[in-house]
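The values are calculated or read from the model by the stated rules, or taken from the named source; none is laboratory data. What you are looking at is a predicted structure, and each value in this text was computed from that prediction instead of being measured. We place every Cβ from the backbone using ideal geometry, glycine too, and count neighbours over all the protein chains shown.
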Amino acid sequence: MSKSELPKQQNKKCIICGFYSEGSLCFKHRIAARSLTEGYKYWKEAFDISFNEYLREVRKRPETGTWVKEVIDYIVSSNDFKILDE
Ligand SMILES: [Zn+2]
């Protein structure tokens, strides 16, 4: 059985908003997820907090963007931290 027989995943959808995506996340939610993981590096150094605490703090902040909030809500409700590593 060759791999070429498998259907290509051309119609994947973002697990958060359902928009077309090449992976689990669409373009905007991937950017948001990336900024979350990047931001944690600084927060960890400055405040020595766990990733879950970090998510809670960022979620509360009025300046946090909608996309980032949606990513946080998804991670918290699904416990699916893997999407941050994609
Ligand atoms: Zn999305």
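Let me spell it out: the conditions are (1) at pLDDT 95 or above; (2) within 16 Å of the ligand (Cβ to nearest atom); (3) in a helix (DSSP H, G or I), and GLY18 meets all of them except one. Which number is the exception?
Condition not satisfied by GLY18: (3).
Quick one: what pairs do we get from region 24-42, first residue on the phi > 0 side of the Ramachandran plot, second of a type outside the set (Ser, Thr, Tyr), C-beta under 6 Å, 6+ apart or different chains?
Note: no pairs meet the criteria.
Filtering region 21-33 down to residues that are assigned to a loop (DSSP other than H, G, I, E, B) and within 8 Å of the ligand (Cβ to nearest atom), which residue is farthest from the chain's Cα centre (by Cα)? Please lay out each step first, then the result.
In the first step, residues of region 21-33 are kept if they are assigned to a loop (DSSP other than H, G, I, E, B); the result is 21-26.
Checking which are within 8 Å of the ligand (Cβ to nearest atom) leaves us with 21, 25-26.
Numbers: SER21: 13, LEU25: 7, CYS26: 10 Å.
That would be SER21.
Evaluate the following for GLU86: is it over 13 Å from ILE16 (Cα atoms), in contact (Cβ under 8 Å) with a residue 24 or more places away in the chain and surrounded by fewer than 14 Cβ atoms within 10 Å (Cβ to Cβ)?
Taking the combined requirement at face value, the residue satisfies it.
Can you pull out every residue in region 38-51 that is loosely packed, with under 12 Cβ neighbours inside 10 Å and assigned to a helix (DSSP H, G or I)?
GLU38, LYS41, TYR42, GLU45, ALA46, PHE47
From the residues in region 71-82 that are buried (at least 17 other Cβ atoms within 10 Å of the Cβ) and under 20 Å from TRP43 (Cα atoms), which one is nearest to the ligand (Cβ to nearest atom)? Don't jump to the end; show me each part of the working.
Initial filter on region 71-82 (buried (at least 17 other Cβ atoms within 10 Å of the Cβ)): 71-72, 74-75.
Remaining after also requiring under 20 Å from TRP43 (Cα atoms): 71-72, 75.
On the way: VAL71: 9, ILE72: 13, ILE75: 13 Å.
Result: VAL71.
Looking for something farther than 20 Å from GLY23 by Cα and not in a helix (DSSP H, G or I) - is there at least one such residue anywhere in region 64-77?
Yes - at least one qualifying residue is present in region 64-77.
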